Amino acid sequence: MNSIRFVRTLCPYCGCGCGITVCEINGRYLISPDKSNPVNAGKLCIKGRYLNQLLEALKDRPKSPMIRRGEKFVEVSWRKAAEVLARELRRRRKDSSFGFVSSAKCTNEENYLMQKLCRMLGSNNVDHCARLCHAPTVSALSRSLGSGAMTNPIDDIAKADCIFVVGSNTFEQHPIVATRILTAKDRGAKLIVADPRRNATTRNADLHLQLYPGTNVALLNAIAKVVVERGLYDEEFLSRNVSGFEDFLSFVSALNIDDLSKTCGVKREAIERVAELVSQRAAFVYCMGLTQFSSGTDGVTALANLALITGNVGREGCGIFPLRGQNNVQGACDMGALPEFFPGYARVNEENAKRFGELWKAEISGEKGLTLPEMFNSKEIEAMYIMGENPAVSEANCNKVRKKLSSLDFLAVQDIFFTETAEFADLFVPVASWAEKEGTFTNTERRVQRIRKFVNTNFPSDLEFISEVSRFLGFNFPSTPAEVFSEIEKVVRQYRGLGEKIDSGEAFWGGKILYSNGFSTPNGKARLFKVEYRAPAEKPDECYPFILTTGRVAFHFHTGTMSRKCNSLAEEVNSTFVEISERDSERLGVKRGEVVRVVTRRGEIKAKVVVGGIKEGVIFLPFHFSENPANALTSDALDPLSGIPELKVCAARVEVVESE
Amino acid sequence: MSSISNVNNTGINSIIELFERWLKSMKCVRYEGVSGECKTVSLLRKALSGFEVVTSTDGYTASIVKGEALKFDFSGNPNIAKFLYELRTFGLNDQKVVLCRPCDARAIVELCKRNQLEREKLVLIGVYSPESCKRRDYCCVRFSDFDVFLFEVEAESNGKIVLVFMKKYVCEADGKDGKMDVRKVLSRFEELEDARVLEPEEFLKLLKSCIEELERVERLLDSYDGSNSDENLKITSYFERCMKCMGCVYECPICICEDVCMVKGIGRGEVPPPPQFLIFRMLHVADSCVNCGQCDDACCANIPISRIFQKVQRKYWRDTGFVPGINYELSPRMR
């Protein structure tokens, strides 16, 4: 008897949260875009197109948990693995000498349990990769507007008259968002892109601001100054909804546009043109090119300032759009997998600790935990429990991180594949992938959507495994996503009542548009903050004359754990490259395709030269390729407010490699 | 008789003439559905409940799926022609009732002509509603390529009605050997309580009021020459947009070469890929593209690929007399 079954679920890659339809025919799978999902409406980017190859790759993974015995790994049962992990955690409970790394690739339910487990053990040392991407969004937008999240649904970009993209290669990394930009452009909207590189996104821009990496604040302040000087600001909106405008006025009036223009490397005329354009109905789209700096929080704040003075928050067709890299960064943050926030962004303090202590019937610490980079720097951390992350490749200055990983007393890594990080593990636990479990993801626009199981497996899900661990610790967490979600609905304010809306596809927390009835700050008003430009931690000098910036390519996803296992994606690009401007390549005497050595104060890697339209004096490396990890070079200078490392700028030199 | 002569005739008279011919081979049922619900949907729901049905997937037919009366999930299927092809490669080759739009049907017809599908194993039920299709200005169809066609049109008095056309021979088809009883499917349309068979005169009267809409649908060869916004297409700027999402390759019902598709080798690792990427993409379905628009829908960059391609196709169609996707007797010239 033939069986045909359709399952509607989500793509596991980026924060767009595209729907896919899986058709199972006699045990084989056809994956196609879900035409009824409002996010992608029948479209998928190239990574989503090859999901069936990812399913194939899933067949090649460790079949059971493994415990390190000397140099070798020994297979054990999942139950045994949970017991060992519980024992190791219990041993360190007293002094909290452990760190939990949760995952933006896992479901809301799994993240909720992960942070709950950590907190019930008396520590707030739980963090996840949002620290490396949108921590500044949380710290900046929550103080400016009230919530660290995208203000409007993705569709609103299509309704804007101007789209200002800062530090996002949307056309390669979020093609489904780029579709909206093109829809707006077809209507006559203008696209402005601030990026040191010339790439697929800037090619479509009406105005490309080729700034130096790390100078966003200078650029955004300059634009704000022009908006104020020319009276382009929205006076009515400001008087009704925004506090701090008087101070802001005096702050910007003291700024000198020519100085700022020189700092960021963007001409004054361009800045003036941008000011005119963004004072229309404008959407402000940004990504890692605004956040991954030691001035990350300032950058996001400066952008929020600009959106506020032009009155582009709280209504349709405009807003602030932080694009999330992982499919569930938003959800993992909402669930409180952060050392400074309990679930629902309740700040970690004594009062909230008491509240959560009562809810969970446990002693909860009111002391802020360690962030991800802090864990890797801290001498106190002796054990780590890493779920679905690959810090050995993704963290800034990853050689240092690898040293820390190898010096840990105990490291448990729980992942779908045996990653570079797993090589350091004492306990490796393979778990079910997105295809093999149920749960919810919250996409970049705060839309909570369901994933559904379509592959049968004997691998436990992350949730089931955490639940098993909790039983050995005497906590007895629920072991089904439905039970956990109903707990989330009770505990996380924003998720209250969302459960019943999920199947309609319209389960936005906070409503479709945030702040249409005032801001979620204590006084109900948004606030403008004065942010001065601060130079990045490293400047080019004689020894390291280039500014190195990093990023992604269209064909791969983050550390390549998933995408590089898909043949068709690997066929497109499968090795690292360094992009150099034409002038610089002539000066160095290197040609396209030649291998050079890129060196910074922290390390060196080899890469093939690509000559491109990048700003002179700046070089670019993708960070997907673990055999030549760009993050061996990047700087781990931190943003004081959000703790994000400065992945996007450091000083580097390029050395010609003599042919071997 | 070659159908090309039909194809070249357009205008109201020839359409009426065509309809009169169809009338002889079809039964005509007028159906007034439940108010407050899309009538085509409610009609289909009643007529098809209990059968294994494969449907097309745009928002329109997807809404049929959501009806609880039907026990299968239509929503988000891959596009129907490609899906039928995939089912066949998976060894599922039994008889099926297929709900499809004109564009889907063209792809199915073309795949049949190229021996990738078996026409005799399919019962094609055409669905057309002016609002259901975003591309109706570009749509063409030969109603007689379907077994049943449901056509939703506006009547003068009370909003929309659905016209159902059936081929007589389908009604007479046999349902032995445990195969689907086609006759039973079709007779259901007549059994529906609100349905009644129209007198030919009454039908013609109704028809004339719909001529304008019909003209739009029955667009064959020549009508593609009508000037429209196509001339404003800025082809080169569209090439700059391409994000190489591969949507056009994978959603194309005609491009069944998938993993060996030559397009994949062009501009490896480049975004946007060189213009040759899209040019080759069009070239390799040059004689078979049915202009269904699946590539337009799948394109992350909103490039109107099929509209651009239509400009090239027109010339080819006129010179060779071969229009892909319509008329089973018209065989591909490029083989």
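Hey, any hits in the range A:318-325 for a residue that's among the basic types (Lys, Arg) and over 14 Å from the mean Cα position of the chain (by Cα)? No, because not a single residue in the range A:318-325 is among the basic types (Lys, Arg) and over 14 Å from the mean Cα position of the chain (by Cα).
In this structure, is A:Ile364 open to solvent by less than 10 Å² (accessible area, probe 1.4 Å), touching a helix residue (DSSP H, G or I) at 6+ places or on another chain (Cβ under 9 Å) and either part of a loop (DSSP other than H, G, I, E, B) or among the acidic types (Asp, Glu) (or both)?
no
Right, A:Ile67: more than 12 Å from chain B (Cβ to nearest Cβ), open to solvent by less than 20 Å² (accessible area, probe 1.4 Å) and modelled with pLDDT of 90 or more or not? Yes; evaluated as a whole, the condition is true for this residue. Out of all the residues in the range A:522-569, which are open to solvent by 20 Å² or more (accessible area, probe 1.4 Å) and over 27 Å from A:Asp636 (Cβ atoms)? Residues satisfying the conditions are A:Pro522, A:Asn523, A:Gly524, A:Lys525, A:Arg527, A:Lys530, A:Lys565, A:Asn567.
The one condition from (1) crowded, with 20+ Cβ neighbours inside 10 Å; (2) closer than 29 Å to A:Thr263 by Cβ; (3) touching a residue at least 40 places away in the same chain (Cβ under 8 Å) that A:Gly612 does not meet is (1).
Selection over the range A:569-605 of residues that are away from chain B (no Cβ under 14 Å) and part of a loop (DSSP other than H, G, I, E, B) gives a count of 8. Restricting to the range A:315-325, and then to whatever is small (Gly, Ala, Ser) and at pLDDT 95 or above, can you tell me which residue is nearest to A:Leu238 (Cα to Cα)? Ranking the candidates gives A:Gly319 first.
Candidates are the residues of the range A:71-115 that are out of contact with any strand residue (DSSP E or B) (no Cβ under 6 Å at 6 or more places or on another chain), among the acidic types (Asp, Glu) and outside any loop (DSSP other than H, G, I, E, B); the one that is farthest from A:Val329 (Cα to Cα) is A:Glu83.
Per-residue answers, yes or no, for (1) farther than 22 Å from A:Val491 by Cβ; (2) among the basic types (Lys, Arg); (3) surrounded by fewer than 18 Cβ atoms within 10 Å (Cβ to Cβ):
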site: A:Ala81; (1), (2), (3): yes, no, no
site: A:Asp95; (1), (2), (3): yes, no, yes
site: A:Gly99; (1), (2), (3): yes, no, no
site: A:Leu121; (1), (2), (3): no, no, no
site: A:His128; (1), (2), (3): no, no, no
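The residues listed here are A:Ala160, A:Ala184, A:Ala189; of these, the one that is out of contact with any Pro (no Cβ under 9 Å at 6 or more places or on another chain), surrounded by 24 or more Cβ atoms within 10 Å (Cβ to Cβ), under 23 Å from A:Gly314 (Cα atoms) and within 14 Å of another protein chain (Cβ to nearest Cβ) is A:Ala189. Residue pairs whose Cβ atoms lie under 6 Å apart, sitting 6 or more positions apart in sequence or on different chains, and linking a residue in the range A:92-110 that is basic (Lys, Arg) to a partner that is open to solvent by less than 10 Å² (accessible area, probe 1.4 Å), are A:Arg92/A:Phe98; A:Arg92/A:Ala383; A:Arg93/A:Leu121.
All of A:Leu308, A:Leu232, A:Leu290 fail the test of being hydrophobic (A, V, I, L, M, F, W, C) and either open to solvent by 20 Å² or more (accessible area, probe 1.4 Å) or outside the structural domain of A:Val193 (by TED's automatic domain parsing) (or both), apart from A:Leu232. When residues in the range A:38-52 are screened for being facing chain B (nearest Cβ under 7 Å), open to solvent by less than 10 Å² (accessible area, probe 1.4 Å) and either in contact with a Pro (Cβ under 7 Å, 6 or more places away or on another chain) or not hydrophobic (A, V, I, L, M, F, W, C) (or both), 2 of them pass.
Checked against the criterion of being among the hydrophobic types (A, V, I, L, M, F, W, C), crowded, with 18+ Cβ neighbours inside 10 Å and more than 18 Å from the chain's Cα centre (by Cα), the candidates A:Val252, A:Val300, A:Val285 yield just one match: A:Val252.
Comparison of A:Lys59, A:Lys105 shows that the only residue that is open to solvent by 50 Å² or more (accessible area, probe 1.4 Å) and away from chain B (no Cβ under 14 Å) is A:Lys59. All of B:Arg268, B:Arg318 fail the test of being within 14 Å of chain A (Cβ to nearest Cβ) and either among the β-branched types (Val, Ile, Thr) or surrounded by fewer than 16 Cβ atoms within 10 Å (Cβ to Cβ) (or both), apart from B:Arg268.
Only a single criterion out of (1) touching a Cys at 6+ places or on another chain (Cβ under 9 Å); (2) open to solvent by 10 Å² or more (accessible area, probe 1.4 Å); (3) at negative phi is not satisfied by A:Ile154, namely (2).
When the range B:287-315 is limited to residues that are assigned to a loop (DSSP other than H, G, I, E, B) and within 14 Å of chain A (Cβ to nearest Cβ), the one that is nearest to A:Asn40 (Cα to Cα) turns out to be B:Cys300.
The helices (runs of 4 or more DSSP H) found entirely in the range A:202-271 include none that carry 3 or more residues being away from chain B (no Cβ under 14 Å), touching a Ser or Thr at 6+ places or on another chain (Cβ under 9 Å) and modelled with pLDDT under 95. Here A:Leu132 passes the criteria (1) under 15 Å from the mean Cα position of the chain (by Cα); (2) among the aliphatic types (A, V, I, L, M); (3) farther than 26 Å from A:Lys437 by Cα; (4) at pLDDT 95 or above except the one numbered (4). Restricted to the range A:116-188, the set of helices (runs of 4 or more DSSP H) holding at least 3 residues that are free of Cβ contacts under 8 Å to residues at least 24 places away in the same chain comprises A:175-186. The single condition among (1) away from chain A (no Cβ under 14 Å); (2) in a helix (DSSP H, G or I); (3) open to solvent by 20 Å² or more (accessible area, probe 1.4 Å) that B:Gln116 does not meet is (2).
Residues in the range A:411-436 that are open to solvent by 10 Å² or more (accessible area, probe 1.4 Å), in a loop (DSSP other than H, G, I, E, B) and within 26 Å of A:Gln173 (Cα to Cα): 3 in all. Give me a count of the residues in the range A:1-30 that are facing chain B (nearest Cβ under 9 Å) and either within 24 Å of the chain's Cα centre (by Cα) or hydrophobic (A, V, I, L, M, F, W, C) (or both). Residues flagged as facing chain B (nearest Cβ under 9 Å) and either within 24 Å of the chain's Cα centre (by Cα) or hydrophobic (A, V, I, L, M, F, W, C) (or both) within the range A:1-30 amount to 8.
The values are calculated or read from the model by the stated rules, or taken from the named source; none is laboratory data. On a predicted model such as this, the values are computed, not experimentally measured, just so you know. Here Cβ is always computed from backbone atoms with ideal geometry, including for glycine, and neighbour counts include all displayed protein chains. Accessible surface areas use protein heavy atoms only, side chains included; no ligands, DNA or RNA. Shrake-Rupley method; radii C 1.70, N 1.55, O 1.52, S 1.80 Å.
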